[in-house]
Amino acid sequence: MRTIDWIDGAVVIVDQTRLPAEIVYLRLETVEELVDAIQRLAVRGAPALGVAGALGVALAARQHSGAEPRARAVHLLQTARPTAVNLARGARRAAALLPSFDAVLQEALRIRDEEIASSAAMAWRGADLVERLCGPGVRLLTHCNTGGLATVVDGTALAVVFELYRRGSLGGVIASETRPLLQGARLTTWELAQAGIPHRLAVDSAGPFLMARAEVDAVILGADRICANGDVVNKIGTYAHALGARAAGIPFICVAPESTVDLSTASGADVEIEDRGAAEVVGAAAPAGTPAVNPAFDVTPAGLVTAVVTDERVFSGRADGADRPAVGGDRLDPAADPA
Ligand code: MRU
């Protein structure tokens with residue numbers, strides 16, 4: 001099952017707002033329909049958003065013959081959500097081939113295929129690293145959803161979990177629920193159950209305590225943007241897990257494709273953090289009209305990140321390598337990295 005694809009002239013997605021209750025596919029035939037799906041998180045997760053942005057440009061190429069309406073449509077796509085770099089990047093890459101619909105679509109499908117290949121590379125590279133750092137029987141905590149639903153197939157951090165399970169190295173996995181939209185509780189538990197992997201669900205705030213009580217050997221999660229200085233921008237709650245991991249002295253590992261590494265953004269301070277408004281937080285629990293602040297993402301400083309695993313490399317510190325000597329300078333043992 002692919003989370004997002006181009007089928008018979010339309011973008012087809014699994015509607016993630018309906019999971020885990022039911023699997024519903026949506027056929028999106030216009031840019032406006034796709035932008036709406038992106039904004040209500042029917043399609044979500046940085047790599048999947050990159051594919052969505054690029055396929056959206058194919059919709060725009062077909063919908064509009066004039067340069068101006070096409071440019072407006074591309075802008076709508078690029079800005080549908082601000083934080084994950086993949087969305088604007090995917091749309092920009094495809095838009096470079098306008099006005100040719102065929103060329104745009106081929107480029108979008110190339111991005112889809114690159115993300116599929118990236119997932120496979122991250123899975124074995126990340127599993128090698130976790131085995132090296134933690135040994136067999138590792139007990140992991142993961143946050144938000146980083147499985148096939150967030151990419152096209154397999155995922156990023158969750159692909160590593162799947163691979164460790166296949167290798168017989170996984171001792172357990174805890175999914176944190178990911179308030180307020182519950183990507184962990186609704187989507188990660190569903191994907192783990194589909195794969196037959198035993199797991200437990202915890203409220204977000206239990207993470208650091210479970211780490212302190214030595215019930216977790218490492219934290220593994222994804223990213224929406226990795227900045228030049230190595231700061232990791234990811235789902236709100238990530239920073240608290242990173243602080244917990246540091247206090248407990250356990251590895252904090254981020255798994256993301258190179259398409260999420262953004263060397264043009266100096267640090268997390270330069271990233272627009274999406275605020276999704278009060279309704280998601282206030283819900284049915286708080287008195288109606290309660291003001292709220294609802295950052296959908298946070299920034300984990302590079303210094304709290306043990307390692308970033310991409311489809312091409314494993315690194316710690318800066319993503320642009322400016323803190324490493326030019327030759328043989330990876331702080332992790334490069335001999336153990338097959339790339
Ligand atoms: O708001 P979302 O659900 O799009 O946020 C997704 C995340 O924060 C994921 O952790 C990130 O995109 C990595 S997905 C492989």
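So, Arg89, is that one within 25 Å of Leu263 (Cα to Cα), modelled with pLDDT of 95 or more, of a type in the set (D, E, K, R) and in contact with a strand residue (DSSP E or B) (Cβ under 6 Å, 6 or more places away or on another chain) or not?
Working: within 25 Å of Leu263 (Cα to Cα): yes; modelled with pLDDT of 95 or more: yes; of a type in the set (D, E, K, R): yes; in contact with a strand residue (DSSP E or B) (Cβ under 6 Å, 6 or more places away or on another chain): no.
No.
Output the residue which, of all residues in segment 219-248 that are touching a Gly at 6+ places or on another chain (Cβ under 6 Å) and assigned to a helix (DSSP H, G or I), is surrounded by the fewest Cβ atoms within 10 Å (Cβ to Cβ). Top of the filtered list is Gly244.
Among the candidates Gly196, Gly207, Gly172, which residue alone is within 16 Å of the ligand (Cβ to nearest atom), small (Gly, Ala, Ser) and modelled with pLDDT of 95 or more?
Unique residue meeting the criteria: Gly207.
Can you find a residue in segment 109-121 that is surrounded by fewer than 20 Cβ atoms within 10 Å (Cβ to Cβ) and of a type in the set (Ser, Thr, Tyr)?
no
Checked against the criteria, Leu109 does not count as assigned to a helix (DSSP H, G or I), within 16 Å of the ligand (Cβ to nearest atom), under 30 Å from Ala67 (Cβ atoms) and not assigned by TED's automatic domain parsing to the domain that holds Ile236. Any residue at all in segment 56-78 that's closer than 21 Å to Gln183 by Cβ and either within 16 Å of the ligand (Cβ to nearest atom) or surrounded by fewer than 19 Cβ atoms within 10 Å (Cβ to Cβ) (or both)? No, the conditions are met nowhere in segment 56-78.
Comparison of Leu181, Leu187 shows that the only residue that is touching a residue at least 12 places away in the same chain (Cβ under 8 Å), part of a loop (DSSP other than H, G, I, E, B) and farther than 14 Å from Val255 by Cβ is Leu181.
Count, please, the residues in segment 13-52 that happen to be more than 16 Å from the ligand (Cβ to nearest atom), part of a loop (DSSP other than H, G, I, E, B) and β-branched (Val, Ile, Thr). Talk me through it step by step, then tell me what you get.
So the first thing to find is which residues in segment 13-52 are more than 16 Å from the ligand (Cβ to nearest atom), and the list is 21-33.
Of the ones still in play, those that are also part of a loop (DSSP other than H, G, I, E, B) are 21-24, 29-30.
With the extra rule that they be β-branched (Val, Ile, Thr), the set shrinks to 23-24, 30.
Result for segment 13-52: 3.
Give the residue that is farthest from Glu115 (Cα to Cα), with candidates limited to residues of segment 1-18 that are free of Cβ contacts under 8 Å to residues at least 60 places away in the same chain and of a type outside the set (Gly, Ala, Ser). Per the stated criteria, the residue is Arg18.
Suppose we filter segment 121-131 for residues that are of a type outside the set (Gly, Ala, Ser) and within 13 Å of the ligand (Cβ to nearest atom); how many remain? Please lay out each step first, then the result.
From segment 121-131, those of a type outside the set (Gly, Ala, Ser) are 122, 124-125, 128-131; that's our starting set.
Imposing the further condition that a residue be within 13 Å of the ligand (Cβ to nearest atom) reduces the set to 122.
Total meeting the criteria: 1.
Residues that are polar (S, T, N, Q), within 14 Å of the ligand (Cβ to nearest atom) and under 13 Å from Ile4 (Cβ atoms) occur in segment 85-94; there is at least one.
Checking the conditions here, which among Ala269, Ala212, Ala296 is aliphatic (A, V, I, L, M), at pLDDT 95 or above and within 16 Å of the ligand (Cβ to nearest atom)?
Numbers: Ala269 fails: within 16 Å of the ligand (Cβ to nearest atom); Ala212 fails: within 16 Å of the ligand (Cβ to nearest atom).
Sole residue among the options that is aliphatic (A, V, I, L, M), at pLDDT 95 or above and within 16 Å of the ligand (Cβ to nearest atom): Ala296.
The set of residues from segment 132-160 being within 12 Å of Ile253 (Cβ to Cβ) and away from the ligand (no atom under 16 Å from the Cβ) comprises Arg132, Leu133, Cys134, Val138. Scanning segment 67-106 for residues that are among the polar types (S, T, N, Q), part of a helix (DSSP H, G or I) and touching a residue at least 60 places away in the same chain (Cβ under 8 Å) yields a single hit, Asn86.
The values are calculated or read from the model by the stated rules, or taken from the named source; none is laboratory data. These numbers come from a predicted model, not from an experiment. Every residue, glycine as well, gets a Cβ built from its backbone with ideal geometry; the counts of neighbours run over all protein chains shown.
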